1. Tell me, what ³J(HN,Hα) does each residue in the range 26-34 have, in order and in whole Hz, if you take phi through Karplus 6.51 cos²θ - 1.76 cosθ + 1.60 with θ = phi - 60° and put x for Gly and Pro?
2. Starting from 0.36 nm per residue, how many nanometres of slack lie between Asp46 and Cys14 once their C-alpha separation is accounted for?
3. Could you check the spin-label model distance between Phe25 and Ile37? Points 7 Å from the Cα along Cα→Cβ, value in nm.
4. Once Rh for the range 8-48 is found with the Kirkwood sum over Cα pairs, what is the Stokes-Einstein diffusion coefficient at 20 °C and 1.002 mPa s, in µm²/s?
Amino acid sequence: MAEKKILKVKCPTCKKKAVYSKENFSRPFCSERCRLIDLSQWFEEDYSIAGDDSFSIDDSYEKE
Ligand SMILES: [Zn+2]
């Protein structure tokens, strides 16, 4: 019989069990709210790390 396997993961934000399925658009988070919370945390980290604007292009790569 078609037994559906329900994969559950731990929500990285609130540590609750979240259903990991196509229906859960916020996976691996339990909800859209938790997804956004995690996302905003990443952005904050990104800002603090990339504080300096030392953006350099390695042009030594283009050698023939
Ligand atoms: Zn959550």
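All of the numbers you see were taken from the coordinates with simple rules; none came from a lab. Quick caveat: nothing in here was measured; it's all calculated off a predicted structure. Reconstructed Cβ throughout: ideal geometry from the backbone, glycine too, with neighbour counts over all protein chains shown.
1. 9, 4, x, 8, 7, 8, 4, 4, 5
2. Working: separation 32, 0.36 × 32 = 11.52 nm, distance 2.12 nm.
Between Asp46 and Cys14, full extension yields an extra 9.4 nm.
3. Each label point is offset 7 Å from its Cα along the Cβ direction, giving 2.0 nm.
4. On the way: Rh = 10.3 Å.
Value of D from the Cα-based Kirkwood radius: 209 µm²/s.
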